[in-house]
1. Rank 244, 281, 207 by how far each Cα sits towards the positive end of the charge dipole of region 87-290 (+1 on Lys, Arg Cβ; -1 on Asp, Glu Cβ) and give me just the farthest.
2. Give the percent of DSSP beta bridges with both residues in the chain that are antiparallel, rounded to the nearest 5.
3. What's the lysine pair count for the chain at a Cα cut-off below 28 Å, pairs eight or more apart or interchain?
4. Which of 232, 326, 256 sits closest to the plus end of the dipole of the chain, meaning its Cα is farthest towards the positive end, when Lys and Arg get +1 and Asp and Glu get -1 on the C-beta?
5. Return the whole-Å distance between the Cα centroid of region 265-302 and the Cα centroid of region 51-100.
6. Quick one: divide the alpha-carbon radius of gyration of region 268-353 by 2.2 N^0.38 Å and tell me what you get.
7. Return the tail of the calculated pair distribution for region 269-309, meaning the percent of Cα-Cα pairs more than 16 Å apart.
8. For region 299-419, rounded, prolate or oblate, judged on the Cα gyration tensor with a ≥ b ≥ c (square roots of eigenvalues), a/c < 1.5 rounded, else prolate if a/b > b/c?
Amino acid sequence: MRRRALKRLAGGLAGGVAAAVPVPRAWAATEAGSGAAATSQRPLAPAGWTLEPGAPLVAPPYGQPASFEHDVIRRVARAPAMPGSGSAMTPLADLYGGITPNGLVYERHHAGVPAIDPDQHRLVVHGLVREPRIYTVDDVMRFPSESHIYFLECSGNTGSEWKGPSGLPVQFTHGLLSCCEWTGVRLSTLLDESGISPSAKWLLAEGADGAALTRSLPLERILERALIVYAQNGERLRPENGYPLRLIVPGFEGNTNIKWLRRLKLITAPEMTREETSKYTGLLPDGLARQFVFEMDAKSVITRPSPGHKLTAHGYYAISGLAWSGRGRIRTVDVSSDGGKTWRPARLVGAVHDRALTRFEADWQWDGGPAQLQSRATDETGYVQPTHDALVAARGVNSQYHYNGIQNWRVDANGEVRNA
Ligand SMILES: Nc1nc2c(c(=O)[nH]1)N[C@H]1C(S)=C(S)[C@@H](COP(=O)(O)O)O[C@H]1N2
Ligand SMILES: [Mo]
């Protein structure tokens, strides 16, 4: 796809020299020049690192990113109100494809990260079951496993934009969002072992952290999809993401994906825990609250270019971003460079998975004038991501949760990109 765009550009240049096409490799503000330089037919002179042996094996034994990538880190937007509570956000502008590397998966803790010894950890299944059971982590790992790619998004993600553009970069507006390949046991497989009573309609899930975070979930809607996971992206869960066991409820708000999972209780009706009454409900303009809003609505955001980037040359750019829906696959993504007046379809890059981050790309010629870049996702149910104004008209601005409005990035004539 990219090559086609290059060819189209190259064709318009004198001599058609592809190497001279100004396609910026990086969007960093520090980048100078407009792209690849012209060259003769001579091979490159060897650099210093070509003339001597490199670093030895296993230095370090657990691999790390290149030292030049030291800025690609999780960041904390606000000082936590209480020790251990808070969130660290994924650097979306510096990621590629759809999978979030384990060291950059966002973190949201209500009472810090417990240091759980997996040999001492237990998971109890009880309540409306034929036979209550207690599992060790090894017991859980003996069941047949499944691996699925799912996004995880905090329902507080992008809450900064309810009252209009916050000025923040994408890491802080959308960075409570990650996507992993999760490996574990299907919820129905584990519950079948205990035998579900016909009167069981809800599932209470509880964490082993200091917050003992507890949520009620509608059993029928999650039974065949939810996973009790012990691994992410090919290795055991990271401590901050729920080691040694965690509940993954695909497409549901992040809060219901209970980390450090230690209890599953089958019940007839929701328990009305703190996290589903005073928190994680949305106050509407008429004073009513939306409760048990589980699925994350379809949403998208452009990650490159995004605030903090500076466009250094006029001409071709591949706009890149992410789209996702808690209700299934992404069907289409449209992009606009004129603030939503006109739209054109983006390409979906790579495999489009159910309830997973989906990378999109769109060709854009920057003419050097001011522009407003936007993306709009449509999922397989036909749901279309709303504008900020439509969302506010429907929900008001009292709710902290489930903001999924179309995001606008302004490009100034000097190439600066801003959330304004
Ligand atoms: N036990 C427990 N589970 C938890 C939390 C927590 O604080 N304790 N935070 C919840 C919230 S609000 C979110 S958004 C996700 C964050 O998961 P992550 O830190 O792996 O990204 O976990 C959820 N599960
Ligand atoms: Mo969250």
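1. Among 244, 281, 207, the one farthest towards the positive end of the dipole of region 87-290 is 281.
2. Around 90 percent antiparallel, to the nearest 5.
3. Close lysine pairs under the 28 Å cut-off: 15.
4. So the residue we want is 326.
5. A separation of 32 Å, based on Cα centres.
6. Values: Rg = 18.9 Å, N = 86, 2.2 N^0.38 = 12.0 Å.
Here the answer is 1.58, to two decimals.
7. Working: 473 of 820 pairs.
Taking all Cα-Cα pairs of region 269-309, the fraction more than 16 Å apart is 58 percent.
8. Values: a/c = 2.14, a/b = 1.34, b/c = 1.59.
Cα axes put region 299-419 in the oblate bin.
The values are calculated or read from the model by the stated rules, or taken from the named source; none is laboratory data. Everything quoted here is computed from the prediction, not taken from an experiment. Virtual Cβ from ideal backbone geometry, glycine too; neighbours counted across all protein chains shown. The accessibility values were calculated without ligands, DNA or RNA, using every heavy atom of the protein model including side chains. Shrake-Rupley method; radii C 1.70, N 1.55, O 1.52, S 1.80 Å.
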